[in-house]
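Single-structure report; data block below.
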């Protein structure tokens, strides 16, 4: 696989509804699409960076020059036998995981197409369908949140995740249990609390949550280990886990019992596979999270979620839950039993609708392999 050309495209797609967490409120999706050409094939990936540096430090405005000036030059004109080599070639550049992930995903798409296989198959996936849950953002009132949950349960989603923050936690969870009973339910704090809030968080033990996700700071393992010993509710880590090594350390320290595996947060599908393998070996529950991706990133997440070690429902809602029109065909749809079909076609298994990419494009830049770059494999 010799990567000859890359095109970056910044798109901005309005959400069907605003999405709010303890980190802030978003009304549209900004991200960078990465299109790669190699061996007569075209692959797509998504760098799900945001407009503001709240979930991670990367934004569209920081990732763009990193892709142009540092990441793209390391792969253009070079030949790779396998997408894992792309990830290794990018590794010397510190962090910038979301930027790396889009480039690496495009290589995985091309590789799967070259093998005539679905992306899920080349990643090691075995499931024809994956169970999915729905993430419910912060609504203006608790009643509005309950109505939103009712909507998603009616559509078959197998698990509900609600966003919480200080002042909107115990009362919200109690109201959900009072109305819906023993539904699979988890709470996601997006690092909204400190260890001083432990007595408050311990009150959540009464509600039999599947997990409490990332209650403390985004880069913390030590305090999570202390908190975990105080709670019956399993802690799941998200923002703190950027690699399989981070997951190993978190499990060794007792900072969590569950890992949210987001390929983009880890720099790509290759590292996500390694984290999945670690969790499988440790017998630790894992699930595939998302970053409100467009259909391109969502397609890659579906493929990843088909791996056997993902034992909890993935954050993979239908396209229509997020966007008025997604940029793939067919749209991602959720079956009546709360599952999503894993595509059987080569590569991503979805067609990118370039007309819609053009519609939502903010800017583009095309990069080509320079003369004289070695075509030898790593």
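Here is a yes/no grid of residues against (1) more than 23 Å from residue 244 (Cα to Cα); (2) over 16 Å from the mean Cα position of the chain (by Cα):
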{"position": "28", "(1), (2)": "yes, yes"}
{"position": "33", "(1), (2)": "yes, no"}
{"position": "65", "(1), (2)": "yes, yes"}
{"position": "69", "(1), (2)": "yes, yes"}
{"position": "72", "(1), (2)": "yes, yes"}
{"position": "99", "(1), (2)": "no, no"}
{"position": "105", "(1), (2)": "no, no"}
{"position": "110", "(1), (2)": "yes, yes"}
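Tally the residues that are part of a helix (DSSP H, G or I) and either touching a strand residue (DSSP E or B) at 6+ places or on another chain (Cβ under 7 Å) or modelled with pLDDT under 95 (or both), restricting the search to region 203-228.
Count: 4.
Residues of region 328-373 being surrounded by 14 or more Cβ atoms within 10 Å (Cβ to Cβ) and at positive phi, which ones?
Passing the criteria: 338, 347, 349.
Checking residue 196 against (1) without any contact (Cβ under 8 Å) to a residue 40 or more places away in the chain; (2) within 20 Å of the chain's Cα centre (by Cα), which single condition isn't satisfied?
(2)
Considering only residues of region 40-51 that are in a loop (DSSP other than H, G, I, E, B) and modelled with pLDDT of 95 or more, which is farthest from the chain's Cα centre (by Cα)?
Filtering first and then ranking leaves 40.
Tell me which residues, restricted to region 83-98, are on the phi < 0 side of the Ramachandran plot, in contact with a helix residue (DSSP H, G or I) (Cβ under 7 Å, 6 or more places away or on another chain) and either in a loop (DSSP other than H, G, I, E, B) or not assigned by TED's automatic domain parsing to the domain that holds residue 48 (or both).
93
For region 9-37, what are the residues that are touching a helix residue (DSSP H, G or I) at 6+ places or on another chain (Cβ under 7 Å), at pLDDT 95 or above and either outside any strand (DSSP E or B) or surrounded by fewer than 23 Cβ atoms within 10 Å (Cβ to Cβ) (or both)?
Correct list: 9, 10, 12, 13, 30, 35.
The values are calculated or read from the model by the stated rules, or taken from the named source; none is laboratory data. Note that the structure is predicted; figures quoted are calculated from it, not measured. Reconstructed Cβ throughout: ideal geometry from the backbone, glycine too, with neighbour counts over all protein chains shown.
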